[in-house]
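The values are calculated or read from the model by the stated rules, or taken from the named source; none is laboratory data. Since the structure is predicted, the reported quantities are computational estimates derived from the model, not experimental observations. All Cβ positions, even for glycine, are placed from backbone atoms using ideal geometry, and neighbour counts span all protein chains on display.
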Amino acid sequence: MKLYSFIFLILLLTNGYCKSDFRTGSPLMLAVPVEYSAGFIGRAFIMETSQRAPAFKVALSVEAFNGKYSCSLDVFLGDVKVWNSGHYTRFYTWDKCVLELTDDGDLRLKGPKEQVGWRTGTSGQGVERLQIMDSGNLVLVDTLNRIKWQSFNFPTNVMLWGQRLNVATRLTSFPSNSDSFYSLEIHYNKIALYLNSGKWNYSYWEFKPSKNRNITFVKVASTGLQLFSDQYKKIAQILSQAPQPLRFLALGNSTGNLGLYFYSPSEGKFEASFQALNTTCDLPLACKPYGICTFSNSCSCMRGLIEENTMNSNCSEGISGGICGSGKAEMLELKGVSSVLKDAAKKVNVSKEACENLCLDDCNCVAALYSSGKGETELRECRHYGLIMGVKQVERGTGLSYMVKVPKGTRGSHGKSNVKKWVLIMVGVVDGLIILLVLGGLGYYFIQKRRKNSTQH
């Protein structure tokens, strides 16, 4: 099927679909396979910039995803997807995927029966054509070349060279097989990476300008990510560590790591010149929920919560959700463990016992991190969490205590379970020996009796 996808692409290109722009009255259609085939990608490139490779290309795509086919408009830099119309909401279709610029200037993706799955909403604005700029900005322009819509206003997980993000905007990325997502958010006093899960959002990396200076917008430049004040004055910069000019910034879909990327002609690919997080265990989803990232960068399930026979399986079968009250729950302390998640609800100058009780009384609290005032901070701090992720192993003696809420009576049950199993095994062995002895004795008795009778005869 991958070969079929490649031939399908070549046929589209050789039939002349790659143009300098896309105008009204010339819809483009891709056929959607009748049967689902995992890994299928059908793609027609319709525009390309005239830069030296790698250049920007615009494509209409059909991709297999979770048992369905999605239809999207994509922008590529070389072979890297840098913008996607279905980033937040996929448009699933069957039979066909159609790109159309209507006579009144609305760019649409459609399926069968005129079903509209995505649109720019630019009807009646005099839009004449769709084109790709040398910056990678996909734009709709009128007859006077005035921009009426642009992809730069709808960021995904990538910022291109020259692109700006204002305060209160963000990049987002979505790991597969997870209900959580990552975001890079621009605040007045910092930029930060967040893990978002349901109603919870916790930062796991941040960068602040010195002297508490406020941020108005950020921009990707050739030398790094630059932060500007409201006077358009550069106040800080995250520098690239490569001599080549940067091409883009990306928030990784699988890891949630932030990277600055340049193109390496010798390698023929994009490489990272900076990454916010350099160790696996600093990533928020390095392990499954209820897993601990160890010094060896491997994952281990939390002992005491998971039975030994499931230690190498999915650790997410946690037991601390939805319980509260000291009579129903208790806190299980894990030694030498901390969390990479920050911005959790915090109280200072409280005792460890008070920290435990506050979490026990809060139905939304599933774990707590207590600092005794050693190592990371001089204050006694208590942080409460609504989810158990981003847990990692740390050196003992740091003054940190990570505690997980469990049902009352859970502490030590793992060991009791092992004792119970040992006792049952021993009882079984003893019972077996007794039965063997009884059967052996009866057999010996009958054999001797039979010999005696045969001798008398």
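Per-residue answers, yes or no, for (1) without any contact (Cβ under 8 Å) to a residue 40 or more places away in the chain; (2) of a type outside the set (S, T, Y); (3) more than 30 Å from T223 (Cα to Cα):
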position: L144; (1), (2), (3): yes, yes, yes
position: M159; (1), (2), (3): no, yes, no
position: F174; (1), (2), (3): no, yes, no
position: S183; (1), (2), (3): no, no, no
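Out of the stretch 91-129, which residues are surrounded by fewer than 15 Cβ atoms within 10 Å (Cβ to Cβ) and aliphatic (A, V, I, L, M)?
V116
Identify the residue in the stretch 140-182 that is in contact with a Phe, Trp or Tyr (Cβ under 7 Å, 6 or more places away or on another chain) and β-branched (V, I, T) and, among all such residues, is surrounded by the most Cβ atoms within 10 Å (Cβ to Cβ).
V158
Contact list please: Cβ distance under 7 Å, first residue in the stretch 252-263 and over 21 Å from S178 (Cα atoms), second residue in a loop (DSSP other than H, G, I, E, B), pairs at least six apart or on different chains.
Note: pairs meeting the criteria are G259/G252; L260/S240; F262/S240; F262/A242; F262/Q244; F262/P245; Y263/P54; Y263/Q244.
Which of the following residues is small (G, A, S), more than 17 Å from the chain's Cα centre (by Cα) and surrounded by fewer than 16 Cβ atoms within 10 Å (Cβ to Cβ): S254, S266, S273?
That would be S266, the only listed residue that is small (G, A, S), more than 17 Å from the chain's Cα centre (by Cα) and surrounded by fewer than 16 Cβ atoms within 10 Å (Cβ to Cβ).
Taking the condition more than 30 Å from P289 (Cβ to Cβ), under 25 Å from the mean Cα position of the chain (by Cα), in a strand (DSSP E or B) and not polar (S, T, N, Q), does L165 pass?
Yes, satisfied.
Would you point out which residue out of F174, F207 is under 17 Å from T89 (Cβ atoms) and of a type outside the set (A, V, I, L, M)?
Among F174, F207, only F174 is under 17 Å from T89 (Cβ atoms) and of a type outside the set (A, V, I, L, M).
Kindly indicate the residue of the stretch 313-342 that is at pLDDT 90 or above and part of a loop (DSSP other than H, G, I, E, B) and also farthest from the chain's Cα centre (by Cα) among those meeting that condition.
K342
Restricting to the stretch 326-351, name every residue that is within 21 Å of G397 (Cβ to Cβ) and of a type in the set (S, T, Y).
Answer for the stretch 326-351, where residues must be within 21 Å of G397 (Cβ to Cβ) and of a type in the set (S, T, Y): S338, S339, S351.
Return yes when F40 is at pLDDT 95 or above, over 28 Å from the mean Cα position of the chain (by Cα) and aromatic (F, W, Y) and no when it is not.
No.
Report yes if R43 is basic (K, R), touching a residue at least 24 places away in the same chain (Cβ under 8 Å) and within 17 Å of R129 (Cβ to Cβ), otherwise no.
Spelling it out, it is not the case that R43 is basic (K, R), touching a residue at least 24 places away in the same chain (Cβ under 8 Å) and within 17 Å of R129 (Cβ to Cβ).
In this structure, is S183 of a type in the set (G, A, S), under 25 Å from the mean Cα position of the chain (by Cα) and not assigned by TED's automatic domain parsing to the domain that holds D343?
yes
Counting only residues that are in contact with a helix residue (DSSP H, G or I) (Cβ under 8 Å, 6 or more places away or on another chain), assigned by TED's automatic domain parsing to the domain that holds L77 and within 20 Å of L195 (Cβ to Cβ), give me the strands (runs of 3 or more DSSP E) lying completely in the stretch 209-284 with at least 1 of them.
Those strands (runs of 3 or more DSSP E) do not exist here; none qualify.
Quick one: would you say C363 is surrounded by 22 or more Cβ atoms within 10 Å (Cβ to Cβ) and more than 23 Å from the chain's Cα centre (by Cα)?
No; evaluated as a whole, the condition is false for this residue.
Could you say whether any residue in the stretch 196-207 is in a strand (DSSP E or B) and within 30 Å of D103 (Cα to Cα)?
No - not one qualifying residue is present in the stretch 196-207.
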